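The values are calculated or read from the model by the stated rules, or taken from the named source; none is laboratory data. Note that the coordinates shown come from a computational prediction; the quantities given were computed from them, not determined experimentally. With ideal geometry, Cβ positions are generated from the backbone for all residues, glycine too; neighbour counts draw on all protein chains shown. Ligands, DNA and RNA are stripped out before the accessible areas are found, and what is left, the full protein with its side chains, is counted by its heavy atoms. Shrake-Rupley method; radii C 1.70, N 1.55, O 1.52, S 1.80 Å.
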There are 4 protein chains.
Amino acid sequence: MPILATPFHADESLDTESLGRLVRFVAGLGVDGVTVLGVLGESNRLSDANREAAIRAAVAAAGKTPVIVGVSHPGTQATIDLAKMAGSLGASAVMVAPSAEGVPNDERVFEYFRRVGAGSPVPIVAQDHPASTAVHMGVPLLARIAREIPSVMGIKLEAVPTPPKLRAVRTAMGDRPLRITTGLGALYGLFDLEAGSDGFNTGFAFPEVLQAMVAAARDGDWARARALYTRFLPLIVFEQQPGVAVRKEILRRRGLLSDATVRHPGAGLPAGYAEQLTTLIESILPGVDLRVPLAGL
Amino acid sequence: MPILATPFHADESLDTESLGRLVRFVAGLGVDGVTVLGVLGESNRLSDANREAAIRAAVAAAGKTPVIVGVSHPGTQATIDLAKMAGSLGASAVMVAPSAEGVPNDERVFEYFRRVGAGSPVPIVAQDHPASTAVHMGVPLLARIAREIPSVMGIKLEAVPTPPKLRAVRTAMGDRPLRITTGLGALYGLFDLEAGSDGFNTGFAFPEVLQAMVAAARDGDWARARALYTRFLPLIVFEQQPGVAVRKEILRRRGLLSDATVRHPGAGLPAGYAEQLTTLIESILPGVDLRVPLAGL
Amino acid sequence: MPILATPFHADESLDTESLGRLVRFVAGLGVDGVTVLGVLGESNRLSDANREAAIRAAVAAAGKTPVIVGVSHPGTQATIDLAKMAGSLGASAVMVAPSAEGVPNDERVFEYFRRVGAGSPVPIVAQDHPASTAVHMGVPLLARIAREIPSVMGIKLEAVPTPPKLRAVRTAMGDRPLRITTGLGALYGLFDLEAGSDGFNTGFAFPEVLQAMVAAARDGDWARARALYTRFLPLIVFEQQPGVAVRKEILRRRGLLSDATVRHPGAGLPAGYAEQLTTLIESILPGVDLRVPLAGL
Amino acid sequence: MPILATPFHADESLDTESLGRLVRFVAGLGVDGVTVLGVLGESNRLSDANREAAIRAAVAAAGKTPVIVGVSHPGTQATIDLAKMAGSLGASAVMVAPSAEGVPNDERVFEYFRRVGAGSPVPIVAQDHPASTAVHMGVPLLARIAREIPSVMGIKLEAVPTPPKLRAVRTAMGDRPLRITTGLGALYGLFDLEAGSDGFNTGFAFPEVLQAMVAAARDGDWARARALYTRFLPLIVFEQQPGVAVRKEILRRRGLLSDATVRHPGAGLPAGYAEQLTTLIESILPGVDLRVPLAGL
């Protein structure tokens, strides 16, 4: 379930045409779903009108592939409003992360998910990403959310170190075995799979690589999973540096985005990165046409 | 220029009737302007549709009193979109604070204000409130914003300690002497006035007290300013505790809000506070009818 | 139990003579104990050798008055080492606050207190001060620390808002009714006493005022407690601004410190504060000799 | 210049014997220097007496290899005290990072380095590591430190993204071309070298790999540098997860530490990691004896 960047034109206006192209490309890979308006989808830089237009474009392009929409908002009621909008526009699920309050309070985080779960017309994926939310959800809290809120259909675990937390949450959920995915640009992808991750829910610009890793892990072919991870890890590391500019530049080179623009105040591509990226991609994928799905992984 | 709470019904829906009442009450005090959708107006818990409804209600009720609208947003373009909406609905100005990026960067904060200043149809008040933004704007940055962005008409200074920063910004602005106001619930009100503050831009539930303090300071009657501050300081301190629940409860007791509800995940009135508040108000304002403007200050 | 500033000479070397004078003055007020090397005692800017010299000087000057020593340290074993040093030098108790780890973890915070409780030769005061520690201890965790660690003799509660937390901790401690004190420069002093605080453990430069407030509260004379609070609150507010420079300047004016120097990188007295302080003290204590304990409170 | 872990016995007491073994092993690799008591040397969990013992042991074992000692401390004077201790015990240099104050202030950070530079008897390496210090030093500040403080002999750059910052600092330093090294467990090692890094100053448990990468880069043999990076990157990624437990476990397996104990409240090796580590090392270094320096890199 790749997380998609939100494309903008050079003037920072929403580029729904590129978004449609990106959705079609990824859906064409045969993924389980596509996620739009996540953290690295720059969702927090969008107006509600932007969000609506992006959801419309994504749903229209996705065909039968489910569309998951990030709807996290500092206000609980506003999160529900966004979930309703997403549902009414054809989203299959929403992804939700809590907001930090001055005083951390597990009860209030649980209540956030409970209310959103009750108010959302579609199932929710609970996201645990303290790097962006500053909310640290312990294993008991995550397990309680999983057990007691029926509309929570999965957990996206992005709290480092992920492997031990993944094992602990899996055990604590007990008789409600939800799907647990991991993200963080697949930085710890091999180790997450070893720890029992069900797959990736992240934005690496070559989702077909992650698909192949998951397939290898499911086949028990760890040598192949490891080889894929090792081969692409330099690119994963380079891409997951702070900001979304590198990822957008790769997607541009893949012919999916017309422009790699990041909305202000997000940072653009740092000086020197275009060259480093060219060298890096050429070393990993020599002579390969990036505009078509990678073959033979 | 009092900052107004955003009233909600018990079910957390927007209460535009109470908002209108609140605006009329405050405008009736003869203030220089009213500010809606600030940080303690729970603006970050509102959908864009909620914001629009609140602005409409405030402008309709304000009559000739200028309405300032908080439009801060993590995205620069979205801030401009909100400023345009506010302007088109009749706001006289907007209040803007920057958002924290992973790496603090003065240039990007300046660029945020520059773009918003260029894109907003109405003047802007630049807000310096690190407690909510996590952005620390130094004196040179604030002075540069003041000097180089023509649509910035004032600064709201809320970075503790405020008195020395106020003096330093005043000096650094040089030949563009903007209005500098302070906030923080007037906690440091007397000291801010001594340091040259032009007045208050904050949400203390008895704005007439702050009006009287400013008037006394302008008259050079510091004994009176100090007496007012000392008399009401226990209430100022009690009210500025984290969250907006105490303030809303006082406004409810003043007959301005139908309900003191705070939107989730904001905290409601803590246990024991209703009683402490009753005792406190009775000790400071014995037998006074809170529903009318305080007289004889 | 006042918390004492750590005096330095103008060259930032430790001024044990002033420290002795300060301890004798405060002990002479008949307080229950004096605390040295707290957060505002700049303890984190001291070498272990400085700490040892400061403890020696304080114990020597305190006579029969118990000396409590702040020994918080990011390492658990190092905290124990400091507690042993304090105990061997004659301290009666130690004050301990936890350090933030990357991932908040109640179990690890409890274990910190458990180990320190087991290793310290003297009783401990558990400090809850998220503003300096970035550790948010919930009511259940504090109650567990109180119930299960025998050497914990008291809690210093400084997590805003303090009144409701104080009530909740008191209830949750159940059958082990420890002494709960509050701090924060007495900013919320009246409200803390109303909520059942046992007294102050803070550094306001006029500890005799806080003594008088506690005495009034114990007598049930709330009118007197409120009058004292209201009278001195402007000074309390002015003093509790970030940094310890204002407090040290007042202590200097009281003849207790030879010099108001704050150790780098702490901030010195901001420009304009000396004058504001003179005006403020003169308005509250006109013509009073600050060098002797305030009489007639 | 590898950064060494600080070894502890199972009871958390300092293990100077293991430290000596570790120093001899690394010095035997022919490195330019060894660094002790860095952030991942758990220096903040040590008493000053522990520090002294560790420095003595390291200097005694290092022979002619220079020993660099981390001496960062929240207090400027205490940093100088530690630098003097390190110098008197035979250290060749000290490594220094600033501490966060409530209000970020470039002038105060510069003054910190200026005073330490003036007071330290040995040269200093200025460390830029916001992940642990919460201090964000901009390029102009770093360049000013480099240009104006003669005893600053190098910069350790660990502020992500490192490659563009490294280029910018290099340019800004102008005519005082200090050595700039990078760290972060070598996560971005290839990209840092491409951007002009002079080498590594980090704690990866196979420093001979980083030596080989630097040598390859100096020879212009980027294919070899890339191959080394790609081969070991899964281990680099696994090891640089938060905490130092994984690194200590590898060093234990290399026969260098008697025990992998991390001082409380640091986290121990997470469940499942021993097995993942075994699999990972076996896949990268099949059948290799870890107890001797890796050959044929």
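Based only on Cα atoms, what mean projected area does the convex hull of chain D have, in nm²?
On the way: hull surface 58.2 nm².
Result: 14.6 nm².
Here are some pairs, D:Lys84/D:Lys156; A:Lys84/A:Lys165; A:Lys84/A:Lys156; B:Lys248/C:Lys165; C:Lys64/C:Lys248; which of them have Cα atoms lying more than 23 Å apart in this structure? Walk me through the numbers before you get to the answer.
Working: D:Lys84/D:Lys156 21 Å; A:Lys84/A:Lys165 31 Å; A:Lys84/A:Lys156 21 Å; B:Lys248/C:Lys165 21 Å; C:Lys64/C:Lys248 25 Å.
Going by Cα-Cα distance, A:Lys84/A:Lys165; C:Lys64/C:Lys248 fall outside the 23 Å limit.
Rounded to whole numbers, the Karplus 3J(HN,Hα) couplings from phi for the stretch A:153-168 are 9, x, 10, 10, 9, 9, 9, 6, x, 6, x, x, 5, 4, 4, 5 Hz, using 6.51 cos²θ - 1.76 cosθ + 1.60 with θ = phi - 60°, and x at Gly and Pro. The contact residues of the stretch B:256-276, meaning those that lose at least 10 Å² of 1.4 Å-probe accessible area when all protein chains sit together rather than their chain alone, are B:Arg263, B:His264, B:Pro265, B:Ala267, B:Pro270, B:Ala271, B:Gly272, B:Tyr273, B:Gln276. Across the stretch C:46-59, coupling constants 3J(HN,Hα) worked out from phi with the 6.51/-1.76/1.60 Karplus curve, θ = phi - 60°, read 9, 6, 4, 5, 4, 4, 4, 5, 5, 5, 4, 5, 5, 5 Hz, and Gly and Pro carry x. Please identify the trypsin sites (Lys or Arg not before Pro) of the stretch D:51-137 that satisfy two criteria: DSSP loop assignment and at most 16 other Cβ atoms within 10 Å. Which are they? In loop regions of the stretch D:51-137 (DSSP not H, G, I, E or B), the sparsely surrounded trypsin sites (Lys or Arg not before Pro) are D:Lys64. Can you tell me what share of the DSSP beta bridges in the stretch C:1-151 is antiparallel? A percent to the nearest 5 is fine. Beta bridges within the stretch C:1-151, antiparallel portion: roughly 10 percent. With its label point defined 7 Å out from Cα along the Cα-to-Cβ axis, D:Glu107 lies at 2.4, 4.7, 4.8 nm from the matching points of the other copies, in increasing order.
Taking the alpha-carbon centroid of each part, what is the distance from the stretch D:18-33 to the stretch D:263-297 in angstrom? Centre-to-centre distance over Cα atoms comes out at 19 Å.
The GNM of chain B, with springs linking C-alpha atoms under 10 angstrom apart, assigns the highest mean-square fluctuation among B:Thr181, B:Thr261, B:Thr279 to B:Thr279. Taking amide hydrogens as placed 1.01 Å from N in the peptide plane, the amide H of D:Val152 sits under 5 Å from those of D:Ile124, each at least 5 positions away in sequence or on another chain.
For the stretch D:177-261, relative contact order (Cα pairs under 8 Å, six or more residues apart, normalised by length) works out to 25 percent. Computed over the protein assembly as shown, the range of Cα coordinates on each principal axis works out to 84, 70, 63 Å, biggest value leading. Just the number, please: buried accessible area between D and A, total of both chains, 1.4 angstrom probe, nearest 100 square angstrom. Looking at D and A, the buried total is near 2400 Å². Annotation for C:Ala223, label-to-label distances across the other copies: 2.6, 9.1, 9.5 nm (shortest first, one decimal, point 7 Å from Cα along Cα→Cβ). Put a plus charge on the Cβ of each Lys and Arg, a minus charge on the Cβ of each Asp and Glu, and nothing anywhere else: the dipole of chain B about its Cα centre is then about 480 debye. Using the 1.4 Å probe convention, the accessible area of chain D works out to 34 Å² per residue with neighbouring protein chains retained. For the stretch D:166-240, count all C-alpha to C-alpha pairs, find those more than 21 Å apart, and express that count as a whole percent of the total. Summing the P(r) of the stretch D:166-240 above 21 Å gives 24 percent of all pairs. Between amide H atoms placed 1.01 Å from N, distances below 5 Å from B:Arg179 occur with B:Ile155, all of them 5 or more places distant or on a separate chain. Within the listed set D:Ala143, D:Ala78, D:Ala62, the residue fluctuating most in the Gaussian network model of chain D (springs between alpha-carbon atoms under 10 angstrom) is D:Ala78.
Each listed q (0.09, 0.15, 0.17, 0.21 Å⁻¹) maps to a log10 I(q)/I(0) for the stretch B:1-108, found by the Debye formula over equal Cα scatterers with no solvent: -0.23, -0.59, -0.74, -1.06.
Dividing the C-alpha radius of gyration of the stretch D:168-297 by 2.2 N^0.38 Å, with N its residue count, gives 1.15. Of D:Val69, D:Val237, D:Val39, the residue with the greatest mean-square motion in the GNM of chain D, using alpha carbon springs below 10 Å, is D:Val237. Residues in the stretch B:197-207 carry Karplus couplings, in order, of 4, 7, x, 10, 9, 8, x, 3, 6, 10, x Hz; the curve used is 6.51 cos²θ - 1.76 cosθ + 1.60 with θ = phi - 60°, and Gly or Pro positions show x.
Accessible surface of chain D, 1.4 Å probe: 53 percent of it comes from carbon and sulfur atoms. In chain A, the beta-carbon sitting nearest the axis that superposes A on D belongs to the residue given here with its distance in angstrom, A:Leu233, 2. Using a 7 Å projection from Cα along Cα-to-Cβ, the label point at C:Ala49 is separated from the same position in the remaining copies by 1.5, 6.8, 7.0 nm, smallest value first. Compute accessible area for the stretch B:188-232 by itself and then with all protein chains, 1.4 Å probe, and report residues whose area falls by 50 Å² or more. Residues shielded by partner chains are B:Tyr188, B:Phe191, B:Arg226, B:Thr230.
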